[in-house]
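Step one of this worksheet: look at the structure below.
Values quoted throughout were computed directly from the atomic coordinates according to the rules given, and no laboratory measurement underlies them. Just so it is clear, the model here is predicted, and its values are computed rather than measured. For neighbour counting, all protein chains shown are included, and Cβ atoms are generated from backbone atoms with ideal geometry for every residue, glycine included.
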Amino acid sequence: MNVWLHAGVDEAGRGPLAGSVFAAAVILPPEPDLPGLTDSKKLSEKKRDALALQIKAQALAWCVASADVAEIAELNILNATMLAMHRAVQGLTVAPQKVWIDGNRVPKNLGMEAEAVVKGDSKIIQISAASVLAKTARDAEMYALAKRYPQYGFDKHKGYGTAAHLAALAEFGALPEHRRDFAPVRALLAQGRLFG
């Protein structure tokens, strides 16, 4: 089995109160030139953005996929994350011989050998690459939301439940892009606090 035909898979955005959950799958060449690549959470935004371009240019195949807020509400965040990962793997233009998934769970019905790797984003370069693509895609969605709803500060907190985000929710109400089954949002909706 060729290790270089292994795909790495990671997600971004399980914890935030708003937006989609993203996943990426990446197959790298045997000797990629990606200096500094590691878990996306350990990289600056500028470094992630630069690496994302390099990963896309060098990868044998890559795919970014997501599950939106309606799917998160219908399936719950764990199952929506698994769905996004499944979509990312299925979207690869090269079929991997094996898939390494960051974490302790593997999506069902992938149709190929798969292995969950705890803290894989700092151990396996293919997962590190996937973590960068998932995170930069998720951030791009948050910047787009920030342009539509500047009063919420999505460009700063990226949808996480920071004090500033919770204050904006309390002042302006919940958006359609907020995750309705997450406790702070659910509480506002129970009060009829919708944006506008």
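To the nearest 20 debye, what charge dipole does the range 3-146 have about its Cα centre, counting +1 at the Cβ of each Lys and Arg and -1 at the Cβ of each Asp and Glu?
The dipole of the range 3-146 has a size of about 220 debye.
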Task: Anchor Lys119: aspartates and glutamates whose Cα lies under 14 Å away (excluding residues fewer than 8 positions away in-chain) - done: Asp10, Glu11, Asp39, Asp102
Open item on the list: Can you compute the FRET efficiency between Arg193 and Ala73 using 1/(1 + (r/R0)^6), with r the Cβ-Cβ distance and R0 = 25 Å? Round to the nearest 0.05.
Closed with: 0.90
TODO: List the residues whose amide H sits under 5 Å from the amide H of Tyr160, counting only those 5 or more places along or on another chain, with H placed 1.01 Å from N in the peptide plane.
DONE: Leu17
Open item on the list: Quick one: 3J(HN,Hα) in Hz for the range 33-47, Karplus 6.51/-1.76/1.60 with θ = phi - 60°, rounded, Gly and Pro as x.
Closed with: 9, 10, x, x, 5, 7, 3, 4, 5, 9, 10, 5, 4, 4, 5
Open item on the list: Under 13 Å between alpha carbons, and skipping anything fewer than 8 positions from Lys42 in its own chain: which aspartates and glutamates qualify?
Closed with: Asp121
TODO: Could you let me know the centre-to-centre spacing of the range 166-181 and the range 138-159, using Cα atoms, in angstrom?
DONE: 13
Task: the chain, helix-only ellipticity at 222 nm - DSSP H runs n ≥ 4, -39,500 (n - 2.57), divided by all residues, nearest 500 - done: -12500 deg cm²/dmol
Open item on the list: Along its three principal axes, how long is the range 1-153 when you only count alpha carbons? Whole Å, largest extent first please.
Closed with: 51, 34, 26
Task: Set of lysines near Lys46 by C-alpha distance (under 18 Å), chain-local residues within fewer than 8 positions excluded - done: Lys56, Lys135, Lys156, Lys158
- [ ] Give the long-range amide H neighbours of Ala7: residues separated by 5 or more places, or on another chain, with amide H under 5 Å away, using H modelled in the peptide plane at 1.01 Å from N.
- [x] Gln97, Lys98, Val99, Trp100
Open item on the list: Quick one: 3J(HN,Hα) in Hz for the range 115-121, Karplus 6.51/-1.76/1.60 with θ = phi - 60°, rounded, Gly and Pro as x.
Closed with: 9, 7, 10, 5, 6, x, 5
TODO: Largest first and to the nearest Å, give the Cα extent of the range 41-97 along each principal axis.
DONE: 35, 30, 16
